[in-house]
1. Specify which of the listed residues (ARG383, ARG359) is open to solvent by 20 Å² or more (accessible area, probe 1.4 Å) and within 26 Å of LEU291 (Cα to Cα).
2. Out of all the residues in region 251-262, which are over 13 Å from LYS278 (Cβ atoms) and either open to solvent by less than 20 Å² (accessible area, probe 1.4 Å) or of a type in the set (Asp, Glu) (or both)?
3. What are the pairs with Cβ atoms under 7 angstrom where one residue, in region 245-256, is within 15 Å of GLY289 (Cα to Cα) and the other, located anywhere, is surrounded by 12 or more Cβ atoms within 10 Å (Cβ to Cβ) and among the hydrophobic types (A, V, I, L, M, F, W, C)? Sequence gap at least six, or different chains.
4. Name, by its number, the condition in (1) of a type outside the set (Asp, Glu); (2) within 23 Å of the chain's Cα centre (by Cα); (3) farther than 17 Å from ASN96 by Cα; (4) modelled with pLDDT under 95 that does not hold for LEU147.
5. Could you list, in sequence order, the residues of region 319-332 that are open to solvent by 20 Å² or more (accessible area, probe 1.4 Å), part of a helix (DSSP H, G or I) and touching a residue at least 12 places away in the same chain (Cβ under 8 Å)?
6. Taking the condition among the aliphatic types (A, V, I, L, M) and over 14 Å from the mean Cα position of the chain (by Cα), does LEU204 pass?
7. Testing LEU225 on (1) over 30 Å from ARG168 (Cβ atoms); (2) under 27 Å from the mean Cα position of the chain (by Cα), one condition comes back false. Which one is that?
8. Considering only region 213-241, state which residues are buried (at least 20 other Cβ atoms within 10 Å of the Cβ), of a type in the set (Ser, Thr, Tyr) and out of contact with any helix residue (DSSP H, G or I) (no Cβ under 6 Å at 6 or more places or on another chain).
Amino acid sequence: MHYVDAASLFPNRGIIVPLTLNPATIATHTMTKRFWFWPIYGLALLGLVVVGAEYVASWSAPSWPARELRPIPLDALTVNVKTVFADTPELVPAYNDWAMRDRPRSIARPPDVQFRAALVGDSFLEGYYIPAPLAELVERRWVARGLAGMEAINLAVAATGPRQYYGRIRKVALALGPDVVAVFVYAGNDMMDRPFDPFSLPPLIDELPTPSVLGSVAPRTTWLLANRLRLSEIGRANKDIPGEEALLSEWMHQPAAEPVANVARHMRLNYFPKLSEKTISEILLRGDGRLHDAARNRRHDREFLGGWLLSGIIDWETGDWPVPRNADEARQMAGDTRVGETLSWLQAMDRLVAANGKRLLVALIPVGTVDPDYVEFWRPWPRYYSYSLSADARHRRLAEALRQSGLQVVDLREVLDGARGTYRLTDGHWTDRGTQSSAGRIADALLSARERLIAGPAPVRPLAR
């Protein structure tokens, strides 16, 4: 029983009277307290778990900005690279403390740097199997012209695309205070199937720097889980089969393409159990064994055979879905698929960069169809090559759409079309020659972008309708 001072009710009488509370009121009050207790307790417990997980993850996850850039440990990357280039140590790349193939960089712009560009892209810029990446070659050209105080920072990570490019620009590139951000788009694997949507709900977890619920509160834990659970694009794309690399390396170093029996058996057991080894062997030995010879006979611009490549060839060559036979059919069949979606991501990058008073440069990387040697090499595998035809058709449409949207575009087809020896025959990346040619064009384009920046601030472009 509760009491109240009656004097507060009856000022002229100083007596105490009992006040009886309704049992229902007491029960409601108790239930309300219990209702709020468990959510608050759960949130507090969750917060402690997140803080603890972040502390534990800090011992394994790299520091910023490395964890926002590369989804795999740098140690694992360098060990694998040194294994691949065991007989060509001059091709072993060097990585800085940001896990980038670049010289050491600083977050703050050094006092003597007059111009700073951030180059965002994938394996074309990271520069596999070549002596120097594109960013380094760009800086060399500036130095050769007597231009001092110029930086081209390499922010390229293999097996990434526009989703990661946008996050990399937002979380890292703009923090470096660049004058120009250059994003490189390859129609072979950068075309998006969904448009950019700033209001879309993020997933619970995703590889950094793409947004996720966990990533917004626990970036170290997110990096560690994405790496361990193979949630990144590079983690999902590569099928880890023990002994595969050694087996393919052994076949590659044999003096002739025969015998291929061990490789065919491996592909049947691990990739295509419904295909015969005879069918697999026939596909791999087409073109008088040129697939084997390409990986065997070159020291500079080394070619390598991976399980992903051979399985892709076999899959396409035994498929029955419609494919284009030439460029005209590719233009008709590809249509505008994924062009508008990809454009929306590039426009979002442009608005993001422009809102920070900087300039965005979009560089389009053509597929290997521009290299006559590449075209000739793949004639024995027309279905597999048809993918390049479709990608080239999308490249052309995206280039036109970008120009109509008003974005600053550099189409590297201008310097690579018809040039032999610019693309690696097996994986379709640039050779050293292709990288050199592209670097010269990009060096000029970045200087032009700098002049435009000096001329006035970049406008914030509205969404295209």
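1. Only one candidate qualifies: ARG383.
2. Listed by number, the residues that qualify are TRP251, MET252, ALA257, GLU258.
3. If the second residue must be surrounded by 12 or more Cβ atoms within 10 Å (Cβ to Cβ) and among the hydrophobic types (A, V, I, L, M, F, W, C), the pairs left are LEU248/VAL263; LEU248/LEU305; TRP251/VAL260; TRP251/VAL263; MET252/ALA295; MET252/LEU305.
4. (2)
5. Correct list: ALA327, GLU329, ARG331.
6. Answer is yes for this residue.
7. Unmet for LEU225, out of (1) over 30 Å from ARG168 (Cβ atoms); (2) under 27 Å from the mean Cα position of the chain (by Cα): (1).
8. Those that are buried (at least 20 other Cβ atoms within 10 Å of the Cβ), of a type in the set (Ser, Thr, Tyr) and out of contact with any helix residue (DSSP H, G or I) (no Cβ under 6 Å at 6 or more places or on another chain): none in region 213-241.
The values are calculated or read from the model by the stated rules, or taken from the named source; none is laboratory data. Everything numeric here is computed off the predicted structure, so don't read it as measured data. Heads up, the Cβs are rebuilt from the backbone with ideal geometry, glycines too, and the neighbour counts pull from every protein chain shown. The area values use the complete protein model at the heavy-atom level, side chains included, leaving out ligands, DNA and RNA. Shrake-Rupley method; radii C 1.70, N 1.55, O 1.52, S 1.80 Å.
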